[in-house]
Every structure is written in C-alpha cells, then in structure tokens.
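Working notes, structure below.
The values are calculated or read from the model by the stated rules, or taken from the named source; none is laboratory data. Note that the structure is a prediction, hence the values are computed from the model and not measured. Positions of Cβ are generated from backbone atoms using ideal geometry, with glycine treated the same way; all protein chains shown enter the neighbour counts. These accessible areas exclude ligands, DNA and RNA; they are computed on the full protein's heavy atoms, side chains included. Shrake-Rupley method; radii C 1.70, N 1.55, O 1.52, S 1.80 Å.
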Amino acid sequence: MPFDELFHQHLIFSNVKCETAYQLFEKVGSRLYKENYVKSSYLSALTKREETYPTGLSLENINIAIPHTDCEHISSPFIAYASSEQPLLVGSMGEKNKTIQVSHYFFLGITESKTQVELLQYLMTLFTNYQFVQGLKHAKSEEEVFQVIKHPIRSEVL
Amino acid sequence: MKRVIVACGSGVATSQTVASKVQKILNQNRIKANVEAVDIKSLDQYIPQSDVYIAITKGSKDYNIPTLNGIAFLTGMGMEEETNQLISLLT
C-alpha cells in the first residue's frame, strides 16, 4: 500500500487549542475510536507508551512527534496528523528526562509490522525535506495540510 | 567480523530503520560489519558479543562497549559526528 493512502482528510486536525500533549492525544484518540480505526484500549496504551518511550524528534527545520502504540490496539491502519495552536512539551526520543516543544504530530496506526520500517523511512524522508516541512508549517487548514501530505514533491522525496 | 547492534523498544521499528541506514553508510565506506537490530529486552545477551551499541531508547543502564546515539541516524541531526565515531571504532 502506498503510504500516502494511510492519510485521510477527516484524520487531520489543524491548530488544535490545547494545553498539554495529553489533551491533544485525547482529541485525536476519540475521533479515531469513533471512526473505528482503533480499539477502546488505544488512548491509554498510547499515553503509557509515550511516557515510557517518548517520540519527540528534533529535526533540522522542525520538531515532530510520532505517537504510536502496539498493533493490537489498532483496528484499521491509518496515519493521523494534528498540529497544536501552541507548541506543547513532549519527551525527546532516546534522551533521558529531556522535553522538546512540538507543534506537529503524526499518529502512526500500523497493523503490519513488516511495513513499519519502510513507513518510518518514508516519513523521515518527508520530515527532512525542506519543501515538505515549509508546506506543513504554512498550511492553514485541514485541506491544505492534506494536499501537502498527499502531494509531497515526488521527484525529490520518492 | 565486527558486530554493531541497534536497540529500541518501539513498535514502529525504529531500530530496524536505523540499522538499515547504518549498514548503508558502512557499505558506502567499504567497511565490513554486521549491523543487527535487537529488542531492548534481549540487549543484555547481545552486548558481550558486540563491538558497538547504537542506542535509541533511553536506557537506565550503561554498557561497557562504545555506545553511539541512534537518533542522529534517524533524524540526520549530528549524524556526521556519529558516523565518524562509528567508522573509527570499526577500523
């Protein structure tokens, strides 16, 4: 499955007003549950996972988090995207007790473990692509975000 | 042959992604080494037979073999420094 098919416009949340990353997880998690992408155990599993293995990544031009949890809590594969109106504090992946400010979140919902490596490589290519990052930062609506994600600069990215 | 291990506890296969990037870098530099992604839970049993450990998950434990920062290979931030260290450890 081409990875851009995992994105859906109704799973994109632009400029969410919230004060903590947990509030953002709740908002995204409840939509995912309502639309049958995840099981009822998803939100608590996601939160717990993020506490133990935080997913904040500091890249050259953007800070991003990739919250995710085990396959068993996912019903149907997806990638949801959310941006917060204000940067929120999340733990930095691989660093003890370090938090970073993140406004851009990609929630990874994968059911097949063998596609995970390729998906992560694909996303890292996007996250390190200057034009993609600029497009994401400047998108003002869910629709604009969706266009940026669905049509990354293919010749450069893929 | 020298052995490099990469470990994470993550469900999105961060360690495999980093391992394949590291293997590619070593191939480009014509350095022969085995790069393996292992589960953080079985890390202890791999350490004694390995030359370099590339860490992705924050560990509560320090190991007695050279340890590099795996996130650098994922994000590209500080990758050159880690690459140079890795090459000098393997040659």
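Given H placed on each backbone N at 1.01 Å, which residues far from A:Ser75 in sequence or on other chains put an amide H within less than 5 Å of it?
Residues meeting the criterion, in which the H sits 1.01 Å from N, are A:Val38, A:Lys39.
Starting from the amide H of B:Ile54, placed 1.01 Å from N in the peptide plane, find each other amide H under 5 Å away whose residue is 5 or more places distant or on another chain.
B:Ile5, B:Val6, B:Ala7, B:Leu68
Between A:Lys98 and B:Met1, with labels modelled 7 Å along Cα→Cβ, what's the label distance in nm to one decimal, could you check?
Each label point lies 7 Å from its Cα, and together they span 3.2 nm.
Please compute how much accessible surface disappears when B pairs with A, both sides summed, using a 1.4 Å probe, and round it to the nearest 100 Å². Kindly include the intermediate steps, with their values, before the conclusion.
Numbers: alone 5490 and 8500 Å², together 12240 Å².
Chains B and A together bury approximately 1800 Å².
When DSSP beta bridges are limited to those with both residues in the protein assembly as shown, what percentage is antiparallel, rounded to the nearest 5?
On the way: 14 of 36 bridges.
In the protein assembly as shown, DSSP labels about 40 percent of beta bridges as antiparallel.
Between B:Asn34 and B:Tyr63, what is the label-point separation in nm under the 7 Å Cα-to-beta-carbon projection?
The answer from the label model is 1.4 nm.
Multiply the residue separation of A:Gln134 and A:Ser44 by 0.36 nm, subtract the distance between their alpha-carbon atoms, and state the gained length in nm to one decimal.
Working: separation 90, 0.36 × 90 = 32.40 nm, distance 3.25 nm.
Difference between extended and current length: 29.2 nm.
Using square roots of five times the C-alpha gyration tensor eigenvalues, list the equivalent-ellipsoid semi-axes of segment A:83-136 in whole Å, biggest first.
21, 17, 11
Accessible area per residue, 1.4 Å probe, Å², for segment B:2-90: what's the number?
Working: 4330 Å² over 89 residues.
I get 49 Å² per residue for segment B:2-90.
Pop out the carbon and sulfur fraction of the accessible area of chain B as a percent, whole number, probe 1.4 Å. Each step should come with its number before you reach the end.
Numbers: 2080 of 4600 Å².
Carbon with sulfur: 45 percent of the solvent-accessible area.
With N set to the number of residues, divide the alpha-carbon radius of gyration of chain B by 2.2 N^0.38 Å and report two decimals.
On the way: Rg = 11.8 Å, N = 91, 2.2 N^0.38 = 12.2 Å.
It is 0.97.
Need the list of lysines near B:Lys2 for cross-linking: C-alpha distance under 18 angstrom, and skip anything on the same chain fewer than eight residues off.
By straight Cα distance, B:Lys2 reaches B:Lys21, B:Lys24, B:Lys32.
Roll a 1.4 Å probe over the protein chains and send me the accessible area per residue for segment A:25-158 in Å². Don't skip to the answer; put the middle values down first.
On the way: 6320 Å² over 134 residues.
I get 47 Å² per residue for segment A:25-158.
What's the extension gain from A:Gln9 to A:His151 if we count 0.36 nm per residue and subtract their Cα-Cα distance? Write out the running numbers ahead of the final one.
Details: separation 142, 0.36 × 142 = 51.12 nm, distance 1.31 nm.
In short, 49.8 nm is gained.
Calculate for chain B the 222 nm mean residue ellipticity that helices alone would give, adding -39,500 (n - 2.57) per DSSP H run of length 4 or more and normalising by residue count, nearest 500 deg cm²/dmol.
Details: 4 runs with 37 residues, N = 91.
Helices in chain B give a 222 nm mean residue ellipticity of -11500 deg cm²/dmol.
Below 18 Å Cα-Cα, how many Lys pairs turn up in segment A:3-157? Only count pairs eight or more apart in sequence, or on different chains, if you could.
Eligible lysine pairs with Cα atoms under 18 Å apart amount to 10.
With the Cα gyration tensor of the protein assembly as shown in hand, give its eigenvalues times 5 under a square root as the equivalent ellipsoid semi-axes, listed largest first in whole angstrom. Don't jump to the answer; show the numbers that get you there.
Numbers: eigenvalues 194, 78, 54 Å².
The equivalent ellipsoid of the protein assembly as shown has semi-axes of 31, 20, 16 Å.
Can you list the residues in segment A:53-88 whose accessible area drops by at least 50 Å² when all protein chains are present, compared with the chain alone? Use a 1.4 Å probe, heavy atoms only.
A:Tyr53
Looking at the square roots a ≥ b ≥ c of the eigenvalues of the Cα gyration tensor of segment A:1-126, which shape do they give, rounded for a/c under 1.5, prolate if a/b is larger than b/c, or oblate?
Numbers: a/c = 1.36, a/b = 1.19, b/c = 1.14.
Since a/c stays below 1.5, the shape of segment A:1-126 is classed as rounded.
Which whole-angstrom value gives the distance between the alpha carbon centres of segment B:15-31 and segment B:52-85?
13
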